[in-house]
1. Starting from the range 36-97, pick out the trypsin sites (Lys or Arg not before Pro) whose DSSP state is loop and whose Cβ has at most 16 other Cβ atoms within 10 Å.
2. Restricting things to alpha carbons, find the Rg to Rh ratio for the range 71-131 using the Kirkwood radius for Rh.
3. After finding the eigenvalues of the alpha carbon gyration tensor for the range 88-193, what semi-axes result from the square roots of 5 times each, listed largest first in whole Å?
4. What does the charge dipole of the range 128-193 about its Cα centre add up to, to the nearest 20 debye, if the Cβ of each Lys and Arg holds +1 and the Cβ of each Asp and Glu holds -1?
5. Considering only C-alpha atoms, what is the centroid distance from the range 166-184 to the range 35-76, in Å?
6. Which order do peptides 84-90, 133-139 fall in by mean Cβ count within 10 Å, highest first?
7. Give the share of C-alpha pairs in each 10 angstrom bin for the range 37-95, from 0 to the last occupied bin, in whole percents, shortest bins first.
8. From the protein chains alone at 1.4 Å, what is the descending order of accessible area for Trp83, Trp185, largest first?
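The values are calculated or read from the model by the stated rules, or taken from the named source; none is laboratory data. Because the structure is a prediction, the values reported are computed rather than measured. Virtual Cβ from ideal backbone geometry, glycine too; neighbours counted across all protein chains shown. Protein only, heavy atoms only, side chains kept; ligands, DNA and RNA dropped before computing areas. Shrake-Rupley method; radii C 1.70, N 1.55, O 1.52, S 1.80 Å.
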Amino acid sequence: MGTSPPPSGHRNPPDWAPNLPRLGTPLGGSTFLLSGRSGSVHGVGRERTFATTQAAAAALHSRSCRGIVGALPFDLDDPAALWEPADLTVSAQPLAPAAPPQRRSVTVLARLPEPAEHQRRVGEIVARIRAGQAQKVVLARAVQLQVDEAIDPIALAAAFAGGNTANNAFAVALDAAGERYAGQWLVGASPEL
């Protein structure tokens, strides 16, 4: 990201709105968001989808698309959610909420793994890295929640970005992976602890 200008055909947000989308006023139709300390990328709408990573790579290599966003499955037998957004915005500004998130009634359905087990695993991996047994390991956890009111995934990602010093957060619509994933989102932040 950095401060280099976006590729031709892409646009930066206007100077008066460097931190779009803002909590409470989500970027309409946004289907992809990635934020970090050095900036953010917003994808809106969908020009076309790619059923495989090979098809997406071929489109990039042939320069027949402006960019591809989405999510890759952990299990390679599962479909990828990859697409060319109708509008791709690259900003030097990380995502940040304009106000604290609105409180909602939330029920925790599951923590996978439980927090104590996740912390134990992180401690074990840190010890292995210090012992020279590994250089980098990515651990993840999931929290399944139920809410009474719908939550805007982009606003949730903005709250996550505002909640950590590196402004790291993401939100990805999974519709491009097929009908089974329609309406589902992958939303998260790092670090998790």
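1. Values: sites: Arg37, Arg46, Arg48, Arg63, Arg66; in loops: Arg37, Arg46, Arg63, Arg66.
Answer by residue number: Arg37, Arg63.
2. Taking Rh as the inverse mean 1/r over Cα pairs, Rg/Rh reads 1.09.
3. Values: eigenvalues 146, 71, 52 Å².
After diagonalising the Cα gyration tensor, the semi-axes are 27, 19, 16 Å.
4. Working: 5 positive and 6 negative charges, 133 e Å.
That gives a dipole near 640 debye.
5. 12 Å
6. Working: 84-90: 20.0, 133-139: 9.4.
In decreasing order of mean packing, 84-90, 133-139 become 84-90, 133-139.
7. 23, 45, 29, 3
8. Working: Trp83 0, Trp185 85 Å².
Descending accessible area places them as Trp185, Trp83.
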